[in-house]
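Read the structure below first, then the notes.
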Amino acid sequence: MLYRISVLIGSMLVGCVSATSPKTASPDEPIRATPCRSAQGFGDQAPAPTESAATQRSRAPTNEDPTVTDGDKYHVVLENDHVRVLHYQDKPGDKTHQHHHIEFVLYALSSFRRRLIFPDGTFKERDFTPGDVIWMPAQTHIGENTGSTDTDVVIVEIRGR
């Protein structure tokens, strides 16, 4: 699994990955880069207001790191000065604690429905299908699996921009 995620991340950095590759390819089979389906965040709404990415990165408290608040769901796959790659999994009805992400790209490995609840009480909700790729600005939120299927995603947090 970690091999597939690391190859997936490499492909994400140069293009997109076919929706079937992560699930069906063997470790020896290369992942094919293809045009990706992308979305503009959650729903048709504009992203939640945010400070500049540099300000967000510098002020994010350690206790709001998702690997600290929800270490049972977030697992670090790769971390360096450029990116932090997280593998996230949960089940229907699961809800995270409030946490903070710097700017990130999310790649959906499964179909699921998700709600993000922001500190001001507003929320956004949407459905994902395998292969969906979205860009999200830095933000603090609570995540909730509001569907009937497990969530399985790779999150690439972008550092040093």
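Taking the mean number of other Cβ atoms within 10 Å as a proxy for protection, how do you rank 146-159, 102-115 from highest to lowest?
So the peptides 146-159, 102-115, ranked by packing, come out 102-115, 146-159.
Work out the length of the dipole vector of the range 66-161 about its Cα centre, built from +1 on the beta-carbon of each Lys and Arg and -1 on the beta-carbon of each Asp and Glu, and round it to the nearest 20 debye.
Dipole magnitude for the range 66-161 comes out near 160 debye.
Please arrange GLU144, GLU125 by counting, for each residue, the other beta carbons lying within 10 Å of its beta carbon, fewest first.
GLU125, GLU144
Read-outs: derived from the displayed coordinates by stated rules, not from any lab. Worth saying up front: this structure is predicted, and the values here are computed from it rather than measured. Note that each Cβ is placed from the backbone with ideal geometry, even for glycine, and that neighbours are counted across all protein chains shown.
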